Structures are given as structure tokens and as C-alpha cells.
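Worksheet: the structure to be examined is printed underneath.
The values are calculated or read from the model by the stated rules, or taken from the named source; none is laboratory data. In this text the structure is predicted, and so the values were computed from the model without any measurement. Here Cβ is always computed from backbone atoms with ideal geometry, including for glycine, and neighbour counts include all displayed protein chains. In case anyone asks, the SASA skips ligands and DNA or RNA and just uses the protein heavy atoms, side chains included. Shrake-Rupley method; radii C 1.70, N 1.55, O 1.52, S 1.80 Å.
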Amino acid sequence: MQTEFLERCPSCLSTDHREVGTDGICGLRRCSRCTLLFVSPRPTRAETEQIYSQEYFQGSSKYGNPTGYQQNASGYLARAHLMVEWLRSKTQLQGGRWLDVGCGPGYLVEAASQAGFDATGVDVSIDAVEAGIGRGLHLIHGTGEELLKLVKPGFQVLTMFDTLFHLREPRSVLTAAKSLLVPGGVLMAGPFDLEVTGSIAKQGSTQYDFQAMGVPEHLSFVNQRSMEVVLQELGFEKLRFEPMVQSPGAVVSQHAGFLPAWLVTLVRSFLRRLPWLQRWLHRVAARRVNREAGYVLAQAPLA
């Protein structure tokens, strides 16, 4: 495996960072300026892009969701509808062009389209993009770093849900996002850790579980401080940090961990067959929030 070492923090471009962990191949470094935790050395771009194969979305890869993204389409779509409603409630947006970066098979694109937006998605996985196109969605194959080559400016909304951790170059993607938004256009990105120092390692410990963190699938472990630094430097305005709404799975994990795994699997299999029930469960779960993780809302400058 070939590796790439970063001389600068991929978010704030500082050269002041130090190694805080390694698995013998990849290393974790903490930026002293913006506190971003990022992978370096890390596999090459071509190697990391190979992670997002058909097996990744089917759940048979060692990365991603082990239950599969396609198999739980009703759950992802239910959450996507919830997030569209949530974003509209925070911004009063009623329509316009919407770009979702890291769209996967396009669940958020589908929900935004059904809400009246002209929605487009971009994803690194050709298999995910083809699956979404097969459902009639406007999806484009490519990376976040290639955005300016893939789509034309003029978006009222640009979202990055469950995308930030995957980015090789957060700053360049956010720079492109600013260029693609109309003046006053809304950026929404996350979730990420709301604590400045991060919550990935146990308190008082410098031991990192690379497998649990999803390295090298995940490369940039952003937090509130790192997002504040880069977005302010890029000229975004009206930054707001909102806690993450809960999902049914998170609530169950917190309060029903005593249930046997076979029963949880059985219930989930049943729920996947009932989209209307998925929607209701997500609405109920969203009444709770996870205050350790959240999203950032920001606006492109008006001038």
C-alpha cells in the first residue's frame, strides 16, 4: 500500500501538527491551530476511492454500515425527509437548487426533490450513483474535490450529510461550496463532534481505535473548532451550530441495549418493510438530540 504524508492541515493549512496515534500504516495527527484530527500518512486517493464499491453499499465490505445502505433504504429515506423538514424550519427555504455532496444512492436528493427543490447529488461511488439514477434521480459521479468541474454555480442549498469525515481535503471542498452557492445561500454540514478536543479517544487517553474510527474510510475528524476556523477564513457568515437530532437506532442503543441481538435484527428487518412506520419513528426519535455531535449552518456572503 502506498501512503501520502500531509505537510499541512487539510482544513486550516497549518504546518503545526503532531502525530497522536498510528496503526503501523496510517497515522493520526492533531492540528495545534484548529484541532482537526486527520489521517496522515494515509492511502493514496485511488486506494481510498476503491473503498466505495458495490460491496460497500450492500453491507458486505469491511467499511460502511454492516447492514447495508440499500437494504435499509426506507430508514435512510425517512431520515432524509426529516432532515429536509428540519433544514427548512431553520432557514425558511422554500425552493431552489439543492446540491448534496456525498449523496450515496441519493436519499436526500429524493427527499429534497419531493419537497419542491431542484436537487442534484454528487458521490464518489459509481455503484451508488447508478442506483440513484435508476430511480430517476439527478446524480453525478465524482469527488467533493472535483465539484467545480461537475456542476455549475447557483445553488440555494448545499448539504454534506455524513460526508465531512470522508473528505481528503475539507478546505478545498468547502471553498468550492462557497463558489457554488448563490449570495446568502445556505451550507449545512455534519454531523461532527461538538467538543473542541474531540470525543474519539477516551478522556485522558491517547489510544485510538482505528477500526472503530473507520480509518482509512474516514480521513478528517472535524469538530466545532476546526469548522469555525475554516468557514470563517473562507468568508462564510452567520455560523450556527445545532445539536444532532437522534435516530431510532441511537435511541434503542441508549435505552434498550439489554435486548438480544437477534431480536433487534428481527425488528429492524420488519421495520424496513414499513416506510410509513419508519417516518413516524424518526419523528419521535428526533424529539431528542445528541448534544455531543451536531451540524453547522452557514451562509455564503451576500457581497
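Given ALA73, ALA78, ALA46, which one is of a type in the set (A, V, I, L, M, F, W, C) and over 25 Å from MET244 (Cα atoms)?
On the way: ALA73 fails: over 25 Å from MET244 (Cα atoms); ALA78 fails: over 25 Å from MET244 (Cα atoms).
Residue meeting the stated conditions: ALA46.
Take the residues in segment 32-48 that are farther than 11 Å from PRO216 by Cα and out of contact with any Leu (no Cβ under 8 Å at 6 or more places or on another chain), then tell me which one is most open to solvent (accessible area, probe 1.4 Å).
My answer is ARG33.
Taking the residues in segment 9-26 that are of a type in the set (Ser, Thr, Tyr) and without any contact (Cβ under 8 Å) to a residue 24 or more places away in the chain as candidates, determine which candidate is least open to solvent (accessible area, probe 1.4 Å).
The selected residue is SER14.
For segment 99-115, enumerate the residues that are crowded, with 20+ Cβ neighbours inside 10 Å and either touching a Cys at 6+ places or on another chain (Cβ under 8 Å) or of a type outside the set (D, E, K, R) (or both).
LEU99, VAL101, GLY102, CYS103, GLY104, PRO105, GLY106, TYR107, LEU108, VAL109, ALA111, ALA112
May I ask you to list the residues in segment 1-58 that are among the aromatic types (Phe, Trp, Tyr) and in contact with a strand residue (DSSP E or B) (Cβ under 6 Å, 6 or more places away or on another chain)? Lay out the reasoning, then the answer.
Filtering segment 1-58 for residues among the aromatic types (Phe, Trp, Tyr) gives 5, 38, 52, 56-57.
Result: PHE38, single match.
Hey, can you tell me all the residues within segment 7-27 that are hydrophobic (A, V, I, L, M, F, W, C) and at pLDDT below 95?
VAL20, ILE25, CYS26
Is there any pair with a first residue in segment 200-215 that is part of a helix (DSSP H, G or I) and modelled with pLDDT of 70 or more and a second that is surrounded by fewer than 17 Cβ atoms within 10 Å (Cβ to Cβ) and of a type outside the set (S, T, N, Q) whose Cβ atoms are under 6 Å apart and which are 6 or more apart or on different chains, and what are they?
Filtered contacts from segment 200-215: PHE210/ASP23.
Six or more apart or on different chains, Cβ atoms under 6 Å: show the pairs whose first residue is in segment 70-94 and charged (D, E, K, R) and whose second is open to solvent by less than 20 Å² (accessible area, probe 1.4 Å).
Close Cβ pairs (under 6 Å, with a partner that is open to solvent by less than 20 Å² (accessible area, probe 1.4 Å)) amount to ARG79/HIS282.
The rows are residues; the columns are (1) on the phi < 0 side of the Ramachandran plot; (2) modelled with pLDDT of 95 or more; (3) within 15 Å of the chain's Cα centre (by Cα); (4) aromatic (Phe, Trp, Tyr).
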{"site": "ILE133", "(1), (2), (3), (4)": "yes, yes, no, no"}
{"site": "GLY136", "(1), (2), (3), (4)": "no, yes, no, no"}
{"site": "GLY144", "(1), (2), (3), (4)": "yes, no, yes, no"}
{"site": "LYS152", "(1), (2), (3), (4)": "yes, yes, no, no"}
{"site": "GLN156", "(1), (2), (3), (4)": "yes, yes, no, no"}
{"site": "THR159", "(1), (2), (3), (4)": "yes, yes, yes, no"}
{"site": "THR163", "(1), (2), (3), (4)": "yes, no, yes, no"}
{"site": "THR175", "(1), (2), (3), (4)": "yes, yes, no, no"}
{"site": "LEU181", "(1), (2), (3), (4)": "yes, yes, no, no"}
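Looking only at segment 49-73, which residues are more than 16 Å from the chain's Cα centre (by Cα), buried (at least 18 other Cβ atoms within 10 Å of the Cβ) and not in a loop (DSSP other than H, G, I, E, B)?
ALA73
Inspect segment 290-301 for any residue being under 23 Å from ALA111 (Cα atoms), at pLDDT below 70, touching a helix residue (DSSP H, G or I) at 6+ places or on another chain (Cβ under 9 Å) and surrounded by 17 or more Cβ atoms within 10 Å (Cβ to Cβ) and give the result as yes or no.
Checked segment 290-301: no residue is under 23 Å from ALA111 (Cα atoms), at pLDDT below 70, touching a helix residue (DSSP H, G or I) at 6+ places or on another chain (Cβ under 9 Å) and surrounded by 17 or more Cβ atoms within 10 Å (Cβ to Cβ).
Name the one entry in LEU87, LEU99 that is among the aliphatic types (A, V, I, L, M), within 20 Å of GLY190 (Cβ to Cβ), assigned to a helix (DSSP H, G or I) and under 16 Å from the mean Cα position of the chain (by Cα).
None of the other options fit; the residue is LEU87.
I need the full set of residues from segment 104-119 which are modelled with pLDDT of 95 or more and within 16 Å of the chain's Cα centre (by Cα), in order please.
Matches in segment 104-119: GLY106, TYR107, LEU108, VAL109.
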